[in-house]
Amino acid sequence: MLKLENMKYLIVGNWKMNPANQKEAKELFNTIKRGVKGSKAEVVICPPFVYLSELEGITLGAQNVFYKESGAFTGEVSPLMLKDLKVKYVIVGHSEVRKNFNETDEIINKKIKECLREKLKVILCVGENKDENKEIVLEKQVRNGLKDIPAKDFKNIVIAYEPIWAIGTGKNCSIEETKNSISLIKKIISNLYSRELANNIGILYGGSVNSKNSGEYLRSVGINGLLVGGASLDAKEFIEIVKSVE
Ligand code: PGA
């Protein structure tokens, strides 16, 4: 059975294509490492691929992955390679990848399956834009992204609700609307699998999270953690966010 009720809060920093060089990456990582030592949360840093082998002492995540083990796939990185670098989590389906690389739910589904096969934990990002119908977008992204994935694998899947309009804009989603979206996601999971699974699945919120709003999300929305972009590049700010778990 799923054991998510015992899940620690998960605070994930997504550095995106930053910082500019290895020296800065190490400095940022090590400052965060000192600041979050002994935290009750599980802290995960997702740096660009090229820095992964240089960083240790905080759980590592990757920002993307390809869905094959090896072969003629120029520019791609496999789950096996990530595993070899001690990566534990992989972000799949981030809206920036969906948009910039026309990543479809079918591709996302393949990536998730390949990660699960290699025992990597998946953070599946879903979310609508302002001009889209939230119910329809979430239903499609959750249903197709998780197609043919058995319930037993959900101990290794976390869903991150990230409304596109809230990402990097400073306009975080209101608590009420976030609650509404999370219950929509749980309803979709409940219809696809079971109510029990829906109640136990790990869900994160992401989109302009900072140290001023992080505590309220954790307290009031009934989520398991946060996916932090911009604020994860500021060590002091990110450490504060991690502290808001307490
Ligand atoms: P943001 O990014 O915190 O800068 O809004 C979140 C994300 O893209 O995961």
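The values are calculated or read from the model by the stated rules, or taken from the named source; none is laboratory data. These figures come from a predicted structure and were not determined experimentally. Reconstructed Cβ throughout: ideal geometry from the backbone, glycine too, with neighbour counts over all protein chains shown.
Brief remarks follow.
- Subset of region 222-240 [more than 10 Å from the ligand (Cβ to nearest atom) and modelled with pLDDT of 95 or more]: Ile223, Asn224, Gly225, Asp234, Ala235, Lys236, Glu237, Phe238, Ile239, Glu240
- Per-region count, region 77-104, residues away from the ligand (no atom under 16 Å from the Cβ) and surrounded by 15 or more Cβ atoms within 10 Å (Cβ to Cβ): 10
- One residue alone among Ala160, Ala235, Ala166 is touching a residue at least 40 places away in the same chain (Cβ under 8 Å) and touching a strand residue (DSSP E or B) at 6+ places or on another chain (Cβ under 6 Å), and that residue is Ala160.
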